[in-house]
Amino acid sequence: MIWNPKDEAAADTIRRDRQLADLQKLSGRLYDKVPFYRQKLDKAGVKPEHIVTLEDIGKLPFTTKDELRSTYPYGLLAVPQSAIVEIHTSSGTTGTPVVGAYTRGDIQLWSEAMARTLAMAGATHKDTVQNAYGYGLFTGGLGVHYGARLIGANVIPVSAGNTKRQLMVMRDFGTTILTCTPSYSLYLAEEAAAEGIDFSKLKVKAGCFGAEPWSEGMRLEIEKKLFISAHDIYGLTEIIGPGVAAECEAKDGLHVNEDYFYPEIIDPETGAVLPEGEKGELVFTTLMREGTPLLRYRTRDITYLTRGTCACGRTTVQMHRLLGRTDDMLIIRGVNVFPSQIEQVLMRIEGTEPHYQIVVDRGATRLDEIEVHVEVEESIFSDETRDLEEIKQRITAELRSELGVHALVKLVEPKSITRSEGKAKRIIDKRQL
Ligand code: DLL
């Protein structure tokens, strides 16, 4: 079901007219109300009235994560502080957190964006949504909550963690839709098996998974283990949280809520806007945000966009599942390696579990070495060492052909890699770069 056919399935020309009008209003608002943006626009020699066509967005300067950090905490507010009703921040594990401040209008917009997202996974007011994203400053918890509420579904705000309780809730309250990180959904499946709970007998029918990278192979694994339809959902704190883009039943790219979040793909080196279908860095302009609107925000996420009416009837532009981030690309002996490439290889190999970690270090020779730790199935691990050796060799060969560099492969016991209740930690980089 399309939650809002008028906007999600609007004709392209109508949508573009609205986007242009909103962009013009936004640039005027930022110029008048946010000294940071006024200075930026002045420096770039652009005035809001120079935005005459949608393509003129290219005249506007980019906003970077560093700028968000340097204006921490309230430097980018476009409304008086008294109009703010909620604050979220990114986890801040890699520096000063970035802040998103929401007005009442922003919460309404977020609810709408998330209602669209959940509806893409089939949610209606009859559903019971078990929300296992963390509640708090992280946007996953409240974002899903607001969307489920708008739909009128029964939302269970269980939050992240406490796996045994998750399973009890799922069984006793008849959860039909599960929301959590993709890695955590597999942990739930694993614990269910240990507790003697059969997923095929539970009522869960779909899941909205995101907040971390995952591959098509991982989707198949989740669908098989949980007996559900698994949908990719994407978003980031700076823009709104989850609700930026999501997969419908066609699962052929994520529909971007482009009437709110205008996407562009740029060459990360030159900043040039790339044509449809070309891979590059995703950039968003928050056309309708009130609290902390952003112009051309560089997400560092890598993907490409495609247009055309989807089988579901939505006309919104689609982004391909993320291919990586400009800052998670590992450079191993000069070769660019994305963790997503490694996951793709591992998911193809029979006998491995979808739990892995990538360790990068410099050995005695001071050269980069990459070691991939991957769990193997119990039956194989306790069985013939010959099988283990075969799997190891296969993974090594496939990684070499996919990545173009040699990776050491270490097969580890089932359940030996630390499970995460939120975003999985896949990379351990021990190099001092
Ligand atoms: O992770 C928002 C979110 C919550 C999205 C729940 C989906 C579900 P941040 O903590 O600010 O926000 O992290 C944003 O996570 O720039 C991506 O690199 C990554 N990310 C988010 N969704 C996906 C996804 C939330 N579906 C950063 N696939 C983004 C791959 C994702 N990476």
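Among the residues of segment 152-175, are any within 11 Å of the ligand (Cβ to nearest atom) and outside any loop (DSSP other than H, G, I, E, B)?
no
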| remark: Exception for Lys392 within (1) buried (at least 16 other Cβ atoms within 10 Å of the Cβ); (2) of a type in the set (D, E, K, R); (3) in contact (Cβ under 8 Å) with a residue 24 or more places away in the chain falls at (3)
| said: I'd like the full set of residues that are open to solvent by less than 10 Å² (accessible area, probe 1.4 Å) and within 12 Å of the ligand (Cβ to nearest atom), limited to segment 194-214. | reply: Gly207, Cys208, Phe209, Gly210
| message | Tell me which helices (runs of 4 or more DSSP H) are completely within segment 1-112 and hold 1 or more residues being over 28 Å from the mean Cα position of the chain (by Cα) and modelled with pLDDT of 95 or more, or say none if there are none. | response | 12-33, 35-44
| remark: For segment 70-92 the number of residues that are without any contact (Cβ under 8 Å) to a residue 60 or more places away in the chain and either surrounded by 15 or more Cβ atoms within 10 Å (Cβ to Cβ) or farther than 19 Å from Arg300 by Cβ (or both) is 11
| Tell me, which residue of segment 215-239 that is away from the ligand (no atom under 11 Å from the Cβ) and part of a loop (DSSP other than H, G, I, E, B) is least open to solvent (accessible area, probe 1.4 Å)? | Ile228
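Going through Leu186, Leu137 one at a time, which residue ends up being of a type in the set (A, V, I, L, M), within 16 Å of the ligand (Cβ to nearest atom) and in contact with a His (Cβ under 7 Å, 6 or more places away or on another chain)?
Leu137
Within segment 99-115, can you find the residues that are closer than 11 Å to Val144 by Cα and open to solvent by 20 Å² or more (accessible area, probe 1.4 Å)? I'd like the intermediate steps shown before the answer.
Filtering segment 99-115 down to residues closer than 11 Å to Val144 by Cα leaves 110-115.
Result: Glu112, single match.
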| query | Is one or more of the residues making up segment 136-144 in a loop (DSSP other than H, G, I, E, B) and closer than 23 Å to Gly253 by Cα? | reply | no
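For every residue, the table says whether it meets (1) within 22 Å of Ile222 (Cβ to Cβ); (2) small (Gly, Ala, Ser).
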| position | (1), (2) |
| --- | --- |
| Arg348 | yes, no |
| Glu353 | yes, no |
| Tyr356 | yes, no |
| Val360 | no, no |
| Gly363 | no, yes |
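The values are calculated or read from the model by the stated rules, or taken from the named source; none is laboratory data. In this text the structure is predicted, and so the values were computed from the model without any measurement. Note that each Cβ is placed from the backbone with ideal geometry, even for glycine, and that neighbours are counted across all protein chains shown. Quick note on the areas: whole protein, heavy atoms, side chains included, nothing else; ligands and nucleic acids left out. Shrake-Rupley method; radii C 1.70, N 1.55, O 1.52, S 1.80 Å.
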